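Undergrad: What follows is a structure written as structure tokens; I'll ask about it next.
The values are calculated or read from the model by the stated rules, or taken from the named source; none is laboratory data. All of these numbers come straight from a predicted model, not from anything done at the bench. Heads up, the Cβs are rebuilt from the backbone with ideal geometry, glycines too, and the neighbour counts pull from every protein chain shown.
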Amino acid sequence: MLRTRAFSTSARVLSYIGKQPILVPESVKLQIEPTQVVVEGPLGRVQMAKPDFVNIASAPDTMSSGSVLSVSVNDATVKNQRAMWGTIRGLINNHVTGVTDGHVALLTLVGTGYRAGVEKDAHTGAPIVSVRCGFSHPVNFVIPEGIEVTTPIPTRILIRGPDKQQVKLFGASIRLKRPPEPYKGKGIYLDDETITRKTTKVK
């Protein structure tokens, strides 16, 4: 009996994603260069690297005052190009969303005395997030340029910015100082994170 060989469909999925057009509002300006793409809008400016085999074309949107962006590659039969096709398209789409609506990360602090606030560094004057999460002293994080941080309540940290990766990485760096632990559930939770609780064994 002949056996059929299963091939990965991930590259096919990414190439399908790559073919999807990107709707760009009138408020967003794109600068397409040989090695990078710059996306600028009401909430900021983001730039990303562009492989030389990726082609980006812009055309007026007949349904609005914005434009429609299409992404293609030189040779879709080449595995690497086919895979990067969808990746680049996804990144550009994320950046368009980011400079118009913004990306967010929400941190929830769970534990007695856990709280956070936005302050200015006493020495440099730079904006920081000061977090108390079970240590003998507060842990301070310098807020990166382009990111807005607020604490709606002392146990919530809201991070917002145009660059999705930057927003999520900053949130992850804060979480890393006190990851949720499974016995009492204390820690810093990122977005809708949940953990499986464990019970303490009684000897």
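Undergrad: Between a residue in the stretch 76-104 that is within 13 Å of PRO162 (Cβ to Cβ) and any residue that is surrounded by fewer than 19 Cβ atoms within 10 Å (Cβ to Cβ) and of a type in the set (Asp, Glu), which pairs come within a Cβ distance under 7 Å, given they are 6 or more apart or on different chains?
TA: As it stands, the answer is VAL99/GLU40, since those pairs meet every condition given.
Undergrad: Now for a different question. Scan the stretch 124-137 and tell me whether some residue there is without any contact (Cβ under 8 Å) to a residue 12 or more places away in the chain, under 30 Å from ASN55 (Cα atoms) and not assigned by TED's automatic domain parsing to the domain that holds LEU30.
TA: No, that holds for no residue.
Undergrad: Of these, VAL96, VAL110, which one is modelled with pLDDT of 95 or more, buried (at least 16 other Cβ atoms within 10 Å of the Cβ) and under 14 Å from the mean Cα position of the chain (by Cα)? Explain how you work it out, then say what you get.
TA: Numbers: VAL110 fails: under 14 Å from the mean Cα position of the chain (by Cα).
Unique residue meeting the criteria: VAL96.
Undergrad: Of all residues in the stretch 147-168, how many are surrounded by 15 or more Cβ atoms within 10 Å (Cβ to Cβ) and under 19 Å from the mean Cα position of the chain (by Cα)? Before you say what the answer is, go through the steps one by one.
TA: Here is the first cut: in the stretch 147-168, the residues surrounded by 15 or more Cβ atoms within 10 Å (Cβ to Cβ) are 147-149, 151, 155, 157-168.
Still in the running and under 19 Å from the mean Cα position of the chain (by Cα): 147-149, 157-168.
Residues that pass the stated criteria total 15.
Undergrad: If VAL149 meets every condition in (1) in a loop (DSSP other than H, G, I, E, B); (2) more than 27 Å from LEU23 (Cβ to Cβ); (3) in the same structural domain as PRO182 (by TED's automatic domain parsing) apart from one, which number is that one?
TA: Only one criterion in (1) in a loop (DSSP other than H, G, I, E, B); (2) more than 27 Å from LEU23 (Cβ to Cβ); (3) in the same structural domain as PRO182 (by TED's automatic domain parsing) is unmet by VAL149, namely (1).
Undergrad: State whether the residues of the stretch 51-65 include one that is under 13 Å from LEU30 (Cα atoms) and in contact (Cβ under 8 Å) with a residue 60 or more places away in the chain.
TA: Within the stretch 51-65, not a single residue is under 13 Å from LEU30 (Cα atoms) and in contact (Cβ under 8 Å) with a residue 60 or more places away in the chain.
Undergrad: Now, a different point. Quick check, is VAL131 surrounded by 12 or more Cβ atoms within 10 Å (Cβ to Cβ), under 22 Å from LEU158 (Cβ atoms), modelled with pLDDT of 95 or more and in contact with a Leu (Cβ under 6 Å, 6 or more places away or on another chain)? I'd like the intermediate steps shown before the answer.
TA: Numbers: surrounded by 12 or more Cβ atoms within 10 Å (Cβ to Cβ): yes; under 22 Å from LEU158 (Cβ atoms): yes; modelled with pLDDT of 95 or more: yes; in contact with a Leu (Cβ under 6 Å, 6 or more places away or on another chain): no.
Considered against the rule, which asks whether it is surrounded by 12 or more Cβ atoms within 10 Å (Cβ to Cβ), under 22 Å from LEU158 (Cβ atoms), modelled with pLDDT of 95 or more and in contact with a Leu (Cβ under 6 Å, 6 or more places away or on another chain), VAL131 comes out as no.
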